[in-house]
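Working notes for the structure below.
The values are calculated or read from the model by the stated rules, or taken from the named source; none is laboratory data. Treat the numbers as computed from the prediction; the structure is a model and nothing was measured. Cβ sites come from the backbone with ideal geometry, for glycine too, and all protein chains shown count toward neighbours.
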Amino acid sequence: MDDNTIINCKLYDIIMRELDINTAIIILDKSGRIIDFNKSTENMWKCSREDLINKNIGNLFQEDIIEHINTDNISREENGKSKVFAIDSGDNYLDVNFYNIKDDKKKSEVFIIVCREIKEKSNLVSKLAAKEKELQDTKAEFQKIKDNIMKIDKMVSVGELLAGIIHEINNPLGFIISNFQTLKKYIEKIKTVIDLYEKCVSNYPNNMDYFKDSLNTVIDLEKKYGLDFIINDMDELFKDTENGIERVRKIIGAVRSFSHVDLNEEFDFIDLNESIDNTLIIARNELKYDCNIEKNLQDIPKIQAKSSEINQALLNLIINASHAIKEKREKNNIKEMGTITIKTYNENEFVCCSIEDTGVGIPKENFEKIFKPLFTTKGVGKGTGLGLSITYEIIKNKHNGQIKVESDIGVGTTFTIKIPIHQDKRKESYE
C-alpha cells in the first residue's frame with residue numbers, strides 16, 4: 001500500500017481503538033486478508049488476535065456468506081459506498097456494512113466490514129422488563145441493572161451512527177489526500193526550476209553566454225509551470241488541508257467523548273455548549289438529510305455533571321427530534337427540511353437547554369407516558385422505548401435536574417432540561 005493508504009488505515013485504527021462499542025470492525029486488504037480488527041471482533045467470534053490476523057476473511061464467515069463479501073464484487077462499488085446485508089450468526093442476527101475505500105485512481109485498496117448485532121436492543125428491552133418485576137426484592141440490584149442498560153444503550157446508539165461517523169471522516173480524508181498529491185506535483189515542478197537556476201548561477205560570471213541562455217530557460221520554465229499560480233494555490237491547499245485535519249480531529253474528539261464508558265465516573269465541571277457541539281458532530285450524518293440546525297448557545301457557567309451521561313441524554317433528545325421531523329416529512333410528502341433549534345441559557349442556580357423540533361408532535365395524553373421505560377409510539381423495530389426513560393433517569397435522578405415537554409400535533413415538540421450548576425443545589429421538578 002502507498003503512504004496515503006497507510007495514513008488512511010491509521011486513522012481508522014484510531015477509531016477502532018477509541019470507539020469502545022459492541023460493534024465489530026474488520027479491515028481487509030484487496031486480497032481479502034484480515035489486516036486489522038477491534039476488540040469487539042474477538043468478543044463476537046470468541047477468538048484471539050493470533051487466530052485471525054493475516055488470515056482470509058473466510059475464517060470468520062460461512063461459505064454461503066463469503067459470496068456477499070467477495071472483494072472482487074465489492075471492488076465495483078463506488079468509493080466509500082456501503083454495501084449492506086444481514087446474516088444469521090446463530091445466537092444473533094448481524095447487520096453487516098461493507099465499505100470499499102479506493103485511491104485517487106479508483107482502485108480498491110482497503111475494505112472495511114462493520115458488523116452489529118441488531119437484536120441487541122430488543123434483548124435489552126426484555127432484560128429491563130424482567131428486572132423491573134424484581135424491584136421489591138432488591139432495589140439496589142435493580143439500580144445496577146439500570147446503570148448497565150444505560151451504558152449499553154449509549155454504546156448501541158453510537159454504534160448505529162458508526163457508518164455515518166466513518167463517512168464524515170472519509171470526506172475530509174479524501175480531499176486531504178488529494179491536496180497532498182497536488183502539493184507533491186507542485187513541489188516537483190519547483191524543484192526542477194530551482195535545480196536549473198542553480199546550474200545557471202554556477203556558471204556566472206565565467207561563462208556569460210551559458211548563463212544568459214540558462215536564465216532565459218529558467219524564465220520560460222517558470223511561465224510554463226505557472227509558478228506564480230502554484231505559489232498562491234499552495235497557500236490555499238495548505239489552508240484547506242489544515243481545515244480538513246481539524247475536522248477529523250474534532251470528529252475523533254467527539255467520538256472519544258461518547259465512547260467513554262465508566263460506571264464509576266465522577267462528577268466534574270463540564271461545558272454544556274461543548275457537549276452539544278460534540279453531540280451534533282456525532283449525529284451529523286443522521287441529521288443532515290432531514291434537519292437544519294439552529295443554535296443559540298449563550299455564555300453559560302460550567303455545570304457539575306457526568307460528561308458521558310449528559311452526552312447520552314442530549315443525543316437521545318436530538319435523535320428523537322430528527323426522527324419526528326423525518327416522520328412528518330414522509331407522512332405529508334414535505335420537501336422542505338425541518339428545523340431543530342437548540343438554545344442554552346442560565347436561570348438562577350440552573351443551566352438550561354431547550355431542543356425544539358418542527359416534527360409531528362406528541363399527543364398530550366402521552367405526556368405522562370413518554371418517560372416510562374418501554375413506551376414508544378414508533379413502529380415495530382423502530383424504537384425500544386428506552387431513550388426518553390434513560391434521559392429522564394440521567395437528568396432528574398442522577399443530576400437532580402428537571403425535564404419538561406411541550407408539544408402541538410403537526411407543529412412540533414420542545415424538550416427543556418434544567419441542570420443544577422452545583423449538585424448540592426436542588427430544586428423542585430416541573431409539575
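With the condition kept exactly as written, say whether any residue in the range 259-266 is at pLDDT below 80 and in a helix (DSSP H, G or I). Checking the range 259-266: at least one residue is at pLDDT below 80 and in a helix (DSSP H, G or I).
Among all residue pairs at least 6 apart or on different chains, which show Cβ distances below 9 Å where the first residue, located in the range 197-210, is part of a helix (DSSP H, G or I) and the second is of a type in the set (S, T, N, Q) and at pLDDT 70 or above? Final answer for the pair search is Tyr197/Ser214; Lys199/Ser214; Cys200/Ser214; Cys200/Thr217; Val201/Ser214. Determine, yes or no, whether Glu286 is crowded, with 18+ Cβ neighbours inside 10 Å and of a type in the set (Asp, Glu). Answer is yes for this residue.
Yes/no matrix, rows are residues, columns are (1) modelled with pLDDT of 90 or more; (2) out of contact with any Lys or Arg (no Cβ under 6 Å at 6 or more places or on another chain); (3) in a loop (DSSP other than H, G, I, E, B):
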position: Cys353; (1), (2), (3): yes, yes, no
position: Glu356; (1), (2), (3): yes, yes, no
position: Gly379; (1), (2), (3): no, yes, yes
position: Lys382; (1), (2), (3): no, yes, yes
position: Ile390; (1), (2), (3): no, yes, no
position: Ile395; (1), (2), (3): yes, yes, no
position: Glu406; (1), (2), (3): yes, yes, no
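Give the range 22-50 a look and list any residue that's more than 10 Å from Val110 (Cα to Cα), of a type in the set (Gly, Ala, Ser) and free of Cβ contacts under 8 Å to residues at least 60 places away in the same chain, or say none. Ser40, Ser48, listed by residue number. If the condition is being part of a loop (DSSP other than H, G, I, E, B) and under 16 Å from the mean Cα position of the chain (by Cα), then the range 276-318 contributes Lys288, Tyr289. Pairing residues of the range 319-341 that are under 27 Å from Thr391 (Cα atoms) and part of a helix (DSSP H, G or I) with residues that are modelled with pLDDT of 90 or more and small (Gly, Ala, Ser), at Cβ distances under 7 Å and at least 6 apart in sequence or on separate chains, gives Ala321/Gly359; Ala324/Gly359; Ile325/Gly338; Ile325/Gly359; Glu327/Gly359; Lys328/Gly338; Lys328/Gly359; Arg329/Gly338.
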